[in-house]
Amino acid sequence: MVTAKETGSLEGKMNNIFNMELIYRIFSVLIFVPLMLLPIVYSDYALVIVYLIFNSIILYELISIKSIQRNLVIINISIAISTITFFMFILLNITESLTYIVIIEIIITIWLFDTFSYLGGKI
C-alpha cells in the first residue's frame, strides 16, 4: 500500500525527470541522429564534412569549458581523445572496414545508453 508521503515523493521524482533538459535531449535526438546517420549511408564526402562540423562544435564546447575549469589536464585529454576518435571513425568508414549497419547500431546504442543513463540518474 502506497502512502501519501511516498506518492508525493514519486510525483516529485516524475516532475524532476520531465523537465526542459529531457525536452532538449529529445529534440537533439530528433535532429542530430538523422544528421549523423544520413552521411554514413549517403556519401563519404558528406560524412567527412558533417563529422568535421560536429568535431568543431565539440572542440569549441571543450575549449569554452577549459576557460572555466581549473583542471586543464582533463580538458586537454578530452580534446585529444575527441579529435583522435573522430578522425579514426572517419578513416574506418572511408576504408569500409566496418559495414554501415554496424556503425549505425553503434551510434544508436550510444544514444540509447546516454538517454537511459540520464533518466536513471534523474530517478
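Here, each number is a calculation from the coordinates, and none is a lab measurement. Since the model is a prediction, treat every value here as computed from it, not as a measurement. Note that each Cβ is placed from the backbone with ideal geometry, even for glycine, and that neighbours are counted across all protein chains shown.
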Ordering of 68-75, 33-40, 100-107, 20-27 by burial proxy (mean other Cβ atoms within 10 Å per residue, highest first): 33-40, 100-107, 20-27, 68-75
q = 0.12, 0.19, 0.22 Å⁻¹: log10 I(q)/I(0) that the Debye formula gives for the range 38-123, counting C-alpha atoms only: -0.48, -1.00, -1.12
Extension reserve of the Lys122-Asn71 stretch, reckoned as 0.36 nm per residue once the Cα distance is removed: 15.7 nm
